[in-house]
1. Quantify, in whole percent, the carbon and sulfur part of the accessible surface of segment 162-224 (1.4 Å probe; protein heavy atoms only).
2. Heavy atoms only, probe 1.4 Å: what % of the accessible area of segment 15-107 goes to carbon and sulfur, would you let me know?
3. Once you put a point 7 Å from the Cα of ALA70 and another 7 Å from the Cα of LYS87, both along the Cβ direction, what distance in nm separates them?
4. Return the loop-located trypsin sites (Lys or Arg not before Pro) in segment 150-230 (DSSP other than H, G, I, E, B) with at most 10 other Cβ atoms within 10 Å of their own Cβ; answer none if there are none.
5. Compute the Cα gyration tensor for the chain, then decide on rounded, prolate or oblate, letting a ≥ b ≥ c be the square roots of its eigenvalues: rounded whenever a/c is under 1.5, prolate when a/b is larger than b/c in the other cases, and oblate in all that remain.
6. How many Å² of accessible area per residue for the chain, probe 1.4 Å?
7. Mind checking the full-extension length gain between LEU19 and THR173? Use 0.36 nm per residue of separation minus the Cα-Cα distance, one decimal, nm.
8. Report the longest stretch of the chain that contains none of the GluC sites (Glu not before Pro) sitting in a DSSP loop with at most 13 other Cβ atoms within 10 Å.
Amino acid sequence: MSIPENLRRVMESVRDAELKAGREPHSVQLLAVSKFNPKESVEKAVEAGQLLFGENRVQEACGKFEALKASVPQIRLHMIGSLQRNKVKQLLPIVECVQSVDRLELLVEIEKRAAELGKTLDILLEFHTGEESKAGFPDTDTLFRALDYFPNLSHITCRGLMTMAPWSSDAQTVRSSFKTLANLRETCISRYPGMDFSVLSMGMSGDYRIAIEEGSTLVRIGTAIFGDRS
Ligand SMILES: *Cc1c(COP(=O)(O)O)cnc(C)c1O
């Protein structure tokens, strides 16, 4: 199957899942995860109308997207993988959002580098909801400590939360991970009234329909669009 065809089918399936879940039409955004795929594949997706992409490694992201964004400025890139502090400076010029903020230290570094660039950056806070994966804030205490720090940040805008469900064939396990994130968003909204938690980034190729049922506003899809990475 070709990339444009895959994109069309995934988009249709997202719209169908919105409808079946009683969600507003177009309330879920599609982020195409292009990690491990060449620049040419991204170009095919762009030609098919996809402009929002995700990468999980800084080196690879810069290698592809510096050139891509130079030729198509409407392309938007999100960082979705674990991020080392010493890579932030290189990453910031090409991303509009870091979805994988998982510690206060990273916020402090992003603030510093964004200020140097004179840029304001969107972030999502990644929360750990699955057993297997290690990514994300491990508990609400550390998450709230990071959120408490936001009055000190003038170059970062919080947009919401992100999670990865455990890799499991059991739909209930996956669903309960998404429910945890959706509930946490409600807690954040009442605890931090001035802040924006409108984005709930959850759902990948294998579980995005469940994520949409549980309130996802942004699904991150790789293999269903670009094919197997292995
Ligand atoms: C790779 C990746 C995805 C996409 O996974 P697929 O199963 O290929 O759709 C989504 N989110 C994150 C954080 C990833 O690392």
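The values are calculated or read from the model by the stated rules, or taken from the named source; none is laboratory data. Since we're looking at a predicted model, the values are computed, not measured. Positions of Cβ are backbone-derived with ideal geometry, glycine not excepted, and every protein chain shown enters the neighbour counts. What goes into the accessible areas is simple: the full protein's heavy atoms, side chains included, and nothing from ligands, DNA or RNA. Shrake-Rupley method; radii C 1.70, N 1.55, O 1.52, S 1.80 Å.
1. Values: 1450 of 2710 Å².
It is 54 percent, rounded to a whole number.
2. On the way: 2150 of 4310 Å².
Its accessible area is 50 percent carbon and sulfur atoms.
3. Going from the ALA70 label point to the LYS87 one covers 2.2 nm.
4. On the way: sites: ARG159, ARG175, LYS179, ARG185, ARG191, ARG209, ARG220, ARG229; in loops: ARG229.
Counting only loop positions with at most 10 other Cβ atoms within 10 Å, the trypsin sites (Lys or Arg not before Pro) in segment 150-230 are ARG229.
5. Judged from the Cα gyration tensor, the chain comes out oblate (a/c at least 1.5, b/c at or above a/b).
6. Details: 10860 Å² over 230 residues.
I get 47 Å² per residue for this part.
7. Working: separation 154, 0.36 × 154 = 55.44 nm, distance 2.34 nm.
Using 0.36 nm per residue and subtracting the Cα-Cα distance, I get 53.1 nm.
8. On the way: sites that count: GLU131, GLU132.
Value returned for the longest uninterrupted segment is 1-130.
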